[in-house]
Amino acid sequence: MESVEVVILGMRYRITGDEPPEYIQELAEFVDGKLREVREKSPQITPLKAAVLTALNIADELKKTRKEFESVSKEIRFIEDKAESIIKLFE
């Protein structure tokens, strides 16, 4: 396990994980950016409330992305099934 120091909203955190330090840093920068977006819209918001809203926003993005992935996966399976049917016609 590797350890990397990241900065989120000006606070330093030491993160240890199985992923490469560059990836952990990338995640931290993503979270920092999302937190800053929330803080820009509501400057008076406490860091804790900003973190909760940011977590909800990220969860929303994840859920929508998973739903879209499921839809695309179903469409691909449908196309694969159709392609198999067409191939069998030529056999």
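Note on the range 32-48: residues that are closer than 20 Å to residue 62 by Cβ and of a type outside the set (Gly, Ala, Ser) amount to 6. For the condition assigned to a helix (DSSP H, G or I) and more than 18 Å from the chain's Cα centre (by Cα), residue 67 does not qualify.
A quick yes/no check of all residues on (1) surrounded by 11 or more Cβ atoms within 10 Å (Cβ to Cβ); (2) among the polar types (S, T, N, Q); (3) within 19 Å of residue 56 (Cβ to Cβ):
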position: 3; (1), (2), (3): no, yes, no
position: 7; (1), (2), (3): yes, no, no
position: 26; (1), (2), (3): yes, no, no
position: 30; (1), (2), (3): yes, no, yes
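The numbers here are math on the coordinates, done by the rules we state, and not lab data. If you're wondering where the values come from, they're calculated on a predicted model, not measured in any experiment. We place every Cβ from the backbone using ideal geometry, glycine too, and count neighbours over all the protein chains shown.
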